[in-house]
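In what follows, a single structure is set out as structure tokens and then discussed.
What follows is calculated from the coordinates using simple rules that are stated; it is not laboratory data. Since the structure is predicted, the reported quantities are computational estimates derived from the model, not experimental observations. When we count neighbours, we look across all protein chains shown, and the Cβ atoms used for this are built from the backbone with ideal geometry, even at glycine.
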């Protein structure tokens, strides 16, 4: 059983316990493990047990910044100031959560870090991410110089090449997976038959489980949204009705999102105001909230662009 900042202790599996043991001993760690390994639980357990003064977590996207902030705020906001923007002053104890670009600007305000966490550290290599690697390398260099301990995370890495960023780190390749994944490759049978695609999607959504639909492009988001608007019924949800009414008042009663929300469906794209995206992600996490989210890659990439006015109306949503 482990303390991860919740009211009740959580049982860590053996590989999680091994990683936590090394962290509590002060070891610099580079861990390769599947995405379902439970690496975030280890961070939470370290904070709850070790009670460090300053922890900085580097995440690859703004979307993950918001997700991590919500998780840690629920557990540690009474003891720590949770910092996600560069214009916030520090308290006595802080958990800082930044994508690499923001972290670089904040580095000069920090004298030392008890723990530096770098999620998806493999993206420091231009081989994996040419666009983000220079900023991530600068952030790792600046913050690593003031960090007493480092914890780097990545999925599916078999070995570390010689480099100055991980030369003093213990590398743990772990293959423990806590999730059983069952894939149904319907596309092999359906091919390019648009009607069969639509029928299969509606059949899947009829199971009334939480569903994330990756639509890829704005035009596909619009196509799927119009399909769901035509083929699904309104749901009985007080919170969704209130959100739809708010959208109608503050945006447009004829906007497709205003109508979709009543049917338990949300939209997540880079064109949306960030606040609307955050509200919908939170509603998707709630049991009585959104059941379906239609998204482009924005849900994993985040957006560094400033918010802008969004065109309303079904025919202009993806423009």
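At-a-glance table
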read-out: The chain - share of DSSP beta bridges that are antiparallel (%, nearest 5); value: 5 percent
read-out: Fewest-first sequence of 141, 169 by Cβ atoms within 10 Å of each Cβ; value: 141, 169
read-out: Pairwise centroid distance, computed over Cα atoms, of the range 203-236 with the range 124-171, Å; value: 39 Å
read-out: Ranking of 93, 109 by count of other Cβ atoms within 10 Å, fewest first; value: 109, 93
read-out: Relative packing of peptides 210-216, 155-161, 273-279 - highest average C-beta neighbours within 10 Å first; value: 273-279, 210-216, 155-161
read-out: Rounded tilt (10° steps) of 194-205 against the dominant C-alpha axis of the chain; value: 60 degrees
read-out: Acute angle (nearest 10 degrees) that the helix 133-144 long axis makes with the longest principal axis of the chain, alpha-carbon atoms; value: 40 degrees
read-out: Fewest-first sequence of 184, 152, 122 by Cβ atoms within 10 Å of each Cβ; value: 184, 122, 152
read-out: Helix-only [θ]222 nm of the chain, DSSP H runs n ≥ 4, -39500 (n - 2.57) each, per residue, nearest 500; value: -11500 deg cm²/dmol
read-out: Read-out Rg/Rh (Cα atoms, Kirkwood Rh), derived from the coordinates shown; its label in [x] 1.00; [y] 0.95; [z] 0.97; value: [x]
read-out: Rounded to 10°, Cα long-axis angle of helix 274-285 versus longest principal axis of the chain; value: 90 degrees
